[in-house]
Amino acid sequence: MASSQILVAVIGVVAVASVIASGAPPLQPPRIGADVVVMGYVPCNNGTSMKTGSAPGFPNAVVQLQCADDAVAGSATTDGRGWFRMAMNTTATLSSVAIGCELVVATPLASCDAALPATGTLESGLRLLVSMVFFPRGFSYVAPALD
């Protein structure tokens, strides 16, 4: 019995020594190659301050992250259920993204429901959820400006 305990201890010491001697770094989880991630749900509805689940999703809608001077900082297309995810690198601080950027869906609402307007946009501010991940505050319909 004592010899089997010694054998187990020797095997353990050899295993630990071989890992230390190899100099191999420990395995790391996969990393997101981006500074900012924006993800969320786009409803197929023209109500105000729409929340997730209050309307069916808007499939194949192009969602743009627009910042200063309406510059497009990123874009994504929703999946068949209305969900999107975009990741981008930026030199802007997280607080400036939260304050100075918004999500804009210019895809006509009529493309997800013919009874909805063919013009106008859905727009939402951003809220920082965790670390570098932003979610929409809630999309609202914005009618086109009258000339």
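All of the numbers you see were taken from the coordinates with simple rules; none came from a lab. For clarity, every value in this text was computed on a predicted model and none was experimentally measured. Neighbour counts are summed over all protein chains in view; Cβ atoms, including those assigned to glycine, are modelled from backbone coordinates with ideal geometry.
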Checklist entry - Just going by the charge dipole of the stretch 36-142, with Lys and Arg at +1 and Asp and Glu at -1 on Cβ, which of Ala76, Met39, Ala115 is farthest out on the positive end? => result Met39
Next on the checklist: How much length would be gained if the chain were fully extended between Ala87 and Ser140, taking 0.36 nm per residue of separation minus their Cα-Cα distance, in nm to one decimal?
Outcome noted: 16.8 nm
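Kindly rank 95-108, 65-78 from highest to lowest mean number of other beta carbons found within 10 Å of each residue. Can you show the working numbers first?
Values: 95-108: 17.4, 65-78: 15.1.
Peptide ranking by packing, descending: 95-108, 65-78.
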Item to check | Net charge of neighbours whose Cβ lies under 13 Å from the Cβ of Asp70, counting Lys and Arg as +1 and Asp and Glu as -1 | outcome: -3
